[in-house]
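Student: So that we are looking at the same thing, I have put the structure below in structure tokens.
The values are calculated or read from the model by the stated rules, or taken from the named source; none is laboratory data. These numbers come from a predicted model, not from an experiment. Cβ coordinates were reconstructed from backbone atoms using ideal geometry, including for glycine residues, and neighbour counts include every protein chain displayed.
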Amino acid sequence: MLRSTLIWLSRQKSIFRFVRNNGFAKKVASRFIAGEDIATACDAVAVLNQQGVTASLDQLGESVTSEAEARETGRRYLELLDEINRRGLNANVSVKLTSLGQDISDAICEDITLAILERARQYGTFVRLDMEGSDYTQRTLDFFAQRLYPRYPDHVGIVLQSMLRRTAQDVAWANAKQCRVRICKGAYLEPAGVAFPDKKDVDQNYLECAKALIEHGKYPGIATHDPAIITALNAWARSRGISADRFEYQMLYGVRRDLQEQLVKDGWRLRLYVPFGTQWYPYLMRRMAERPANLWFITGNVLKETFKSR
């Protein structure tokens, strides 16, 4: 029930308008969000790079309602890629197609996305297409396969979600194409006919998909904060003689910092998904829904920091 409530809250724009100016809410969000502008986000990435961690920057925002909004989002991504290159950061970018006009027109979305990919190719970097709810899964994969990947095979990749029943087949499809995949569990509320309702099934599917991607895919991103899954994958990789440069772990900025430090210490590659921007409220609510323990952990730490400063 808590998860459903948090996902519902993530969609309430009126609540966001209220909390955006609330100091406590912004303090909570700062654990997960690397500021509201490009400069601040790049500052955070520079610190991560010094710690041996790479990044994927995501400008927060979802479905836009006008071509002007979509093109403005695309313009800011070009600016972001320019700044990453100017600073020499070890970072790529993640985009949501709905923020680039997917719900307006495929032609508009294609025009904007290709401009971003061309800039990424110019700088020798990479663009990840974030996956949204299941209503977008096939549309996103078709758009990727037909319009983007043939032109930019080395500069664009996708995300697959182990909560979806279809994902094992999508993994096989991606491995056959040798396109880069980030595998995650998924943070959207989906019907039981589309997604596994039980966590144990989501986890089992995740392990199987991750192993298939590591063994047969092209440098996959293994996105998880689950220590049991990480331990199992590390042991499996070692038993098969799979080196650490065959894949990378990916985690969310601000989540399980202890685990992040341990992975780097143990010699595994790590990339953090670093979101930034003014539209942080929906993102924050989904992160809480994905792991409700985050709600109590972050709130408790913010309260401690608040009282210590007095």
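Student: Restricting to helices (runs of 4 or more DSSP H) lying wholly in the stretch 4-110: which have 3 or more residues that are crowded, with 17+ Cβ neighbours inside 10 Å and at pLDDT 95 or above? Quick ask: steps written out before the conclusion?
Tutor: Numbers: elements: 13-19, 23-29, 38-50, 67-87.
The qualifying helices (runs of 4 or more DSSP H) are 38-50, 67-87.
Student: If you go through the stretch 259-299, how many residues are in a helix (DSSP H, G or I) and modelled with pLDDT of 90 or more?
Tutor: We begin by selecting, within the stretch 259-299, every residue in a helix (DSSP H, G or I); these are 259-265, 280-290, 293-299.
Restricting the remaining residues to those that are modelled with pLDDT of 90 or more gives 259-265.
Residues flagged as in a helix (DSSP H, G or I) and modelled with pLDDT of 90 or more within the stretch 259-299 amount to 7.
Student: Another question, then. Give all pairs with beta carbons closer than 6 Å in which a residue from the stretch 87-98 that is under 25 Å from residue 63 (Cβ atoms) meets a residue that is charged (D, E, K, R) and part of a strand (DSSP E or B); count only pairs at least 6 apart in sequence or on separate chains.
Tutor: Partner pairs satisfying both residue conditions: 94/58; 94/128.
Student: While we're looking at this one, here's another question. Can you pull out every residue in the stretch 131-153 that is touching a residue at least 24 places away in the same chain (Cβ under 8 Å) and part of a loop (DSSP other than H, G, I, E, B)? Walk me through how you get there before you give the answer.
Tutor: Step one: of the stretch 131-153, the residues touching a residue at least 24 places away in the same chain (Cβ under 8 Å) are 131-134, 136-137, 139-141, 143-145, 147-149, 151-153.
Result: 131, 132, 133, 149, 151, 152, 153.
Student: So is residue 223 among the aliphatic types (A, V, I, L, M), out of contact with any helix residue (DSSP H, G or I) (no Cβ under 8 Å at 6 or more places or on another chain), modelled with pLDDT of 95 or more and closer than 23 Å to residue 41 by Cβ or not?
Tutor: On the way: among the aliphatic types (A, V, I, L, M): yes; out of contact with any helix residue (DSSP H, G or I) (no Cβ under 8 Å at 6 or more places or on another chain): yes; modelled with pLDDT of 95 or more: yes; closer than 23 Å to residue 41 by Cβ: yes.
For residue 223, the condition - among the aliphatic types (A, V, I, L, M), out of contact with any helix residue (DSSP H, G or I) (no Cβ under 8 Å at 6 or more places or on another chain), modelled with pLDDT of 95 or more and closer than 23 Å to residue 41 by Cβ - is met.
Student: Identify all residues within the stretch 256-271 that are aliphatic (A, V, I, L, M) and under 16 Å from residue 184 (Cα atoms); write none if there are none. Walk me through it before giving the result.
Tutor: Narrowing the stretch 256-271 to residues aliphatic (A, V, I, L, M): 259, 263-264, 270.
Once the filter is applied, which keeps residues that are aliphatic (A, V, I, L, M) and under 16 Å from residue 184 (Cα atoms), the stretch 256-271 yields only 270.
Student: Any residue in the stretch 166-176 that is assigned to a loop (DSSP other than H, G, I, E, B) and buried (at least 18 other Cβ atoms within 10 Å of the Cβ)? Steps first, please.
Tutor: Looking only at the stretch 166-176, we keep the residues that are assigned to a loop (DSSP other than H, G, I, E, B), and these are 166.
Those still in the list that are buried (at least 18 other Cβ atoms within 10 Å of the Cβ) too: none.
No: the stretch 166-176 contains no residue that is assigned to a loop (DSSP other than H, G, I, E, B) and buried (at least 18 other Cβ atoms within 10 Å of the Cβ).
Student: Going by the structure shown, is residue 228 surrounded by 21 or more Cβ atoms within 10 Å (Cβ to Cβ) and under 22 Å from the mean Cα position of the chain (by Cα)?
Tutor: Numbers: surrounded by 21 or more Cβ atoms within 10 Å (Cβ to Cβ): no; under 22 Å from the mean Cα position of the chain (by Cα): yes.
It is false that residue 228 is surrounded by 21 or more Cβ atoms within 10 Å (Cβ to Cβ) and under 22 Å from the mean Cα position of the chain (by Cα).
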